[in-house]
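Each reported figure results from applying straightforward, stated rules to the coordinates on display, with no laboratory input. All of these numbers come straight from a predicted model, not from anything done at the bench. In this analysis, Cβ positions are derived from the backbone assuming ideal geometry, glycine residues included, and neighbour counts consider all displayed protein chains.
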C-alpha cells in the first residue's frame with residue numbers, strides 16, 4: 001500500500017489570482033511574498049500585488065533570494081515574516097524562492113534555539129503557515145512537493161528537508177509566467193524536470209500512480225523542451241513544459257529521486273553550480289550506469305515517447321531512449337564542468353567528500369541497480385574528464 005500526495009488545491013491556466021481569491025482570503029489578511037530581486041520587479045509580481053490589494057490582503061515583499069537558498073536567507077526571511085506580522089507565505093519565482101518559502105514557513109513556528117539544520121534528514125511533522133507556490137520556471141516542481149533544499153553554509157552541504165507539511169496548500173501554474181525565461185534557464189530547469197520524471201519512474205519506490213505521471217511527464221518534456229529552448233515564445237511548448245514540470249514534481253513527491261540527484265547536490269553545494277545544470281551534466285553518465293537491470297522501465301519510456309516499438313526488446317529500446325536523452329542534452333547546450341570554470345585538480349580532491357555526501361543523502365539507494373562508493377567516484381571522474 002502506498003500513500004499518494006499532491007497539493008490540496010491546484011489552479012492551472014491564466015487568471016489564476018482571481019480563481020485563488022477564496023483560498024487566499026481563508027489563509028489570512030497579511031502575506032509574506034518570497035521572491036528574488038529580478039522577479040520581484042516583474043509584471044507577474046505586480047499583478048500579484050494588485051490582486052492582493054483588491055482582496056484586501058496586506059503584503060510584505062522579501063526579495064533577498066539570490067542564487068540557491070541558504071540557511072542565512074532562511075533566518076532573514078523568518079525575521080521578515082515575524083516583523084510584518086504575516087499569516088501565510090507566497091513563494092513566486094523559480095525553485096529557489098519556492099524552497100525558501102517552505103523553509104521560512106517551517107522555521108517561523110520554531111522555538112528559539114532551534115536551527116534549520118536540526119531538521120536535515122528527518123521527517124518533519126508540525127503545523128506551519130499556509131504556503132502558496134507560484135512557479136515562474138518549468139523545472140523544480142517545488143510547487144507540488146514536500147521537499148525543500150537549503151544550503152548549510154557552515155558544512156557546505158545541501159540539506160534535504162522533507163515532510164508532508166511542506167507541500168504547498170495552493171499551487172498556481174500559469175505558463176505565461178515562464179515566457180521570458182532565458183534559454184539557459186529554460187534548459188537547466190527543463191532538464192531538472194526531465195530528471196525528476198525519469199528518476200521517479202525508474203525508482204525502487206515507483207507505484208502505479210507515479211508511473212502514470214512519470215510516463216506522461218517524460219513524453220511531454222522530451223517533445224517540448226527542445227521546442228521551448230529553440231523558441232521561447234512558443235506558447236504551446238511553454239504550456240506543456242509547465243504541466244510536465246508539475247507532473248514530474250508529483251512523481252518525486254511520491255517515489256523520490258535516485259542517483260542523479262544524490263550526486264548532483266554535492267556539486268551544487270561545493271562549486272555553486274545551479275541545481276538544474278548539475279543534474280543535466282550528470283544525466284547521461286548516471287542513466288547509462290543505472291540502465292543495467294532496469295531495461296524494462298527504460299524500454300517503457302522509449303515506447304511512451306514513440307522512440308521504439310514492440311519489435312525492439314527492452315535492452316535495445318532502453319539504449320535508444322538514453323541516446324535520445326543525450327540528443328536533448330546536446331540541443332540544450334549543457335556545458336561541461338570545466339567549461340563552467342571548475343578546476344580538475346580541485347574537483348578530484350573533493351571527490352571523496354562528494355561521494356560520501358551523495359551516498360549519505362539516501363537518494364542513490366532508490367536506484368534499482370546497487371550504487372557503490374566506487375561507482376560514484378568513477379562517475380565523478382568521468383564528469384571532470386570531459
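Descriptive notes on the structure:
- Descending Cα extents along the principal axes, region 1-72, whole Å: 44, 33, 23
- Residue order, fewest to most beta carbons within 10 Å, for 310, 64: 310, 64
- At 0.692 mPa s and 37 °C, Stokes D of region 96-240 from Kirkwood alpha-carbon radius, µm² per second: 199
- Acute angle (nearest 10 degrees) that the helix 208-230 long axis makes with the longest principal axis of the chain, alpha-carbon atoms: 90
- Largest mean-square fluctuation among 28, 341, 299, in a Gaussian network model of the chain whose springs join Cα atoms under 10 Å apart, belongs to 341.
- q = 0.18, 0.19, 0.22, 0.24 Å⁻¹: log10 I(q)/I(0) that the Debye formula gives for region 51-105, counting C-alpha atoms only: -0.57, -0.62, -0.81, -0.94
- Temperature 10 °C, viscosity 1.306 mPa s: under these conditions the Stokes-Einstein estimate for region 178-292, based on its Kirkwood radius over C-alpha pairs, is 113 µm² per second.
- Computed from Cα positions, the angle between helix 183-202 and the longest principal axis of the chain comes to roughly 70 degrees.
- Our summary of shape: the Cα atoms of the chain have principal axis extents of 60, 44, 43 Å, ordered from largest down, in whole angstrom.
- DSSP-defined beta bridges in region 9-178 - what % are antiparallel, rounded to 5: 20
- Solvent-free Debye scattering, log10 I(q)/I(0), computed from the Cα coordinates of region 9-178 at q = 0.10, 0.11, 0.13, 0.20 Å⁻¹: -0.32, -0.39, -0.55, -1.37
- 321, 289 arranged by Cβ crowding within 10 Å, fewest neighbours leading: 289, 321
- Separation between Cα centres of region 242-278 and region 129-157, rounded to whole Å: 11
- In nm, spacing of pseudo-spin labels at residue 41 and residue 272 (7 Å Cα→C-beta vector): 2.1
- Using the alpha carbons alone, the radius of gyration of region 319-386 stands to its Kirkwood radius in an Rg to Rh ratio of 1.01.
- Cα-based Rg and Dmax for region 139-181, where Dmax is the largest Cα-Cα distance (Å): 13.5, 38
- Gyration tensor verdict on region 183-385 (Cα atoms; rounded if a/c is under 1.5, prolate if a/b is larger than b/c, oblate otherwise): oblate
- Across all directions, the shadow cast by the convex hull of region 183-222 built on its C-alpha atoms averages 2.6 square nanometres.
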